[in-house]
Amino acid sequence: MAKKENKKSSREYMELAIKVMNDSIQEPRDDKVSPKVGAVLIKPDGSVETASRGELREGDHAEFTLLERKNRAIPLNGSVLFATLEPCAPGARNHPKLGCAERIVNARIKKVYVGIEDPDPKVDRKGINYLIENGIEVEMFPSDLQKQIRIANKQFIEEAEDRAKTAKSEKIEKVLSTKEELEPNANLDDLDKNQIEYFIQKAKIDAEYGTSKFYRIFKQLGLIKQAENQYQPTGLGLLLFGTKPQYTYANALIRATYKTEGRGEDIETIEGSLIEQVDKIQSWYESRIGKQIDRSSAKRRTIYDYPLVVFREAVINAIVHRDYDIEGAPIYFEINDDAIIIKSPGEPVKPLKIEQIKQFSAPSLSRNPKIMYVFDQLELVEQRGLGFSTIKELPEKFDIPLPLVEYEEPYMIFTFPRSNEALKRIDDTPGLSELNDEEIKGLDWIRVEGEVSTRQYANHFDYGYKKAQRHLAKMRDLNLIEDNGEPTTSPNYKYVAKV
């Protein structure tokens, strides 16, 4: 029986923070919209206090109001804080004001639940990292609640991303990766002008290549830095727009292998800028994966043996979110008769946990927010907050099982079985081979949902109640699922996946 955790109460506090968020008071200014932010403080004695942005004074951050206005003289050691927006990092506010992350550390808060990361790619995740580096446990809101926060802050998020293109000063010096620093072995001649101009056009940046405004904006985006009297690319700028970044970063590539019984191996190295690698690996994939031509309608359609849309989401995730600071570790991509395998360097980015990724419930959080921003502007990735949306559709939309997920240092490994029979060959989990196709699909659905009742299982698959009971009883007997610890007579009695 699974150990019962108090997840429900944590979610209730998250929902309370969102409710309070909607009470935020806008600052009376015409140049920009201020964010809607809600915060909830759980004190050591169990008492609860809330605050919204601007609640007591125009422009005051919700965390500042809670910690400095409402509880300045009260010891908060060991308290838990819920905030709908990432607390601002050190240096984000004009001197001598402290960032909210610094105030949280000074108050000795024990744990912070964060709704969404800061939408500005220059500061994204730096407040979160500051908390973690100072010993504070951080957990993100689940993706469904993140979606509510993003909808409520739609205009603020759009304006924040636009400001990243036009900001006139750079306050945040803290970096998430060494690739944010100037690359001394590269110069602007190593960048591809055509790629940069295409990005300028797609991102609607009001600046021509080579102008002073161009240099200022690209500096603010963290793609170039000034060294003495000239500009040079940062590591990120070189990775994203370099004509051949591999001259400097030999690991910034994809090793692609096609392996099939009786035909040996076909190995290819995918190089070029990160943006170019997307099209190159897709072309390689399309030329090797099996496909058929659908002529059932007037317009011919190519159907791949494994869905192209799923492959594309998975491989772009690997390119965008991998750890480029790990030396000698490229991305590995393999197609074989049973599976498609992607190995991407880097452990789960804190505070995400491997268990969340295995359940495809991990909240939206990027290891490389500036790379994510460029890919987003180029419309190469889905919008923030959608997470593994396409991958989660595999069982029901394509009749293909969910991928297996594991971490073997230094790689996150995603193994995508090409069929249920292939899954049984490559996954040695005891009992799995005894499931039929319907039961495998049911087990995958439980993995994605987290907790399901017999009635929910029956309704989702349009089964009779007794058939649902048989499926769940079989999975439980095979030790593939367990109950959630509630009494069997409780309306909250549900099943959770163990694999």
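The values are calculated or read from the model by the stated rules, or taken from the named source; none is laboratory data. Computed from a predicted model, the values in this text were never measured in an experiment. Here the Cβ is made from the backbone with ideal geometry for all residues, glycine too, and neighbour counts use every protein chain on show.
Among the residues making up the range 46-99, those that are hydroxyl-bearing (Ser, Thr, Tyr) and in contact with a strand residue (DSSP E or B) (Cβ under 8 Å, 6 or more places away or on another chain) are 50, 52, 65, 79, 84. Listed by position, the strands (runs of 3 or more DSSP E) contained in the range 197-301 that have at least 2 residues being of a type outside the set (Gly, Ala, Ser) and either assigned by TED's automatic domain parsing to the domain that holds residue 381 or over 30 Å from residue 164 (Cα atoms) (or both) are 254-260, 264-270, 291-294. Evaluated against (1) of a type in the set (Gly, Ala, Ser); (2) surrounded by 19 or more Cβ atoms within 10 Å (Cβ to Cβ); (3) under 24 Å from residue 144 (Cα atoms), residue 346 falls short on exactly one condition, (3).
Going by what's in this entry, would residue 439 be described as within 18 Å of the chain's Cα centre (by Cα), in contact (Cβ under 8 Å) with a residue 12 or more places away in the chain and either assigned to a helix (DSSP H, G or I) or surrounded by fewer than 19 Cβ atoms within 10 Å (Cβ to Cβ) (or both)?
So residue 439 does not fit the description; no.
Exactly one residue out of 319, 326, 342 is at pLDDT 95 or above, assigned to a loop (DSSP other than H, G, I, E, B) and of a type in the set (Val, Ile, Thr): that is 326. Within the range 451-480, the residues that satisfy the criterion of being under 34 Å from the mean Cα position of the chain (by Cα), part of a helix (DSSP H, G or I) and surrounded by fewer than 17 Cβ atoms within 10 Å (Cβ to Cβ) are 455, 456, 459, 460, 461, 476.
Across the range 191-201, not a single residue is classified as over 15 Å from residue 275 (Cα atoms) and within 25 Å of the chain's Cα centre (by Cα). Flag: residue 391 does not match the condition of being over 19 Å from residue 360 (Cα atoms), within 28 Å of the chain's Cα centre (by Cα) and in contact (Cβ under 8 Å) with a residue 60 or more places away in the chain. Filtering the range 102-122 to residues that are closer than 21 Å to residue 68 by Cβ and within 21 Å of the chain's Cα centre (by Cα) leaves 111, 112, 113, 114, 115, 118. Selection of the range 402-440 for residues being aliphatic (A, V, I, L, M) and in contact with a Lys or Arg (Cβ under 8 Å, 6 or more places away or on another chain) yields 402, 405, 412, 413, 432, 435.
State yes or no: is residue 402 of a type in the set (A, V, I, L, M, F, W, C), in contact with an Asp or Glu (Cβ under 7 Å, 6 or more places away or on another chain), assigned to a loop (DSSP other than H, G, I, E, B) and without any contact (Cβ under 8 Å) to a residue 60 or more places away in the chain? Yes: the conditions hold for residue 402. Checking residue 21 against (1) over 29 Å from the mean Cα position of the chain (by Cα); (2) closer than 26 Å to residue 144 by Cα; (3) aliphatic (A, V, I, L, M), which single condition isn't satisfied? It fails just one condition, (1).
Residue 206 meets all of the listed conditions (1) in contact with a Lys or Arg (Cβ under 8 Å, 6 or more places away or on another chain); (2) surrounded by fewer than 19 Cβ atoms within 10 Å (Cβ to Cβ); (3) at pLDDT 95 or above but one, namely (3). Note on the range 232-270: among residues that are under 22 Å from residue 373 (Cα atoms) and touching a Lys or Arg at 6+ places or on another chain (Cβ under 7 Å), the one that is surrounded by the most Cβ atoms within 10 Å (Cβ to Cβ) is 239. Here the range 292-316 is the region considered, the condition is being modelled with pLDDT under 75 and out of contact with any strand residue (DSSP E or B) (no Cβ under 7 Å at 6 or more places or on another chain), and the residue that is surrounded by the fewest Cβ atoms within 10 Å (Cβ to Cβ) is 298.
Only one of the numbered conditions (1) surrounded by 15 or more Cβ atoms within 10 Å (Cβ to Cβ); (2) in a loop (DSSP other than H, G, I, E, B) is not met by residue 423, and that is (2).
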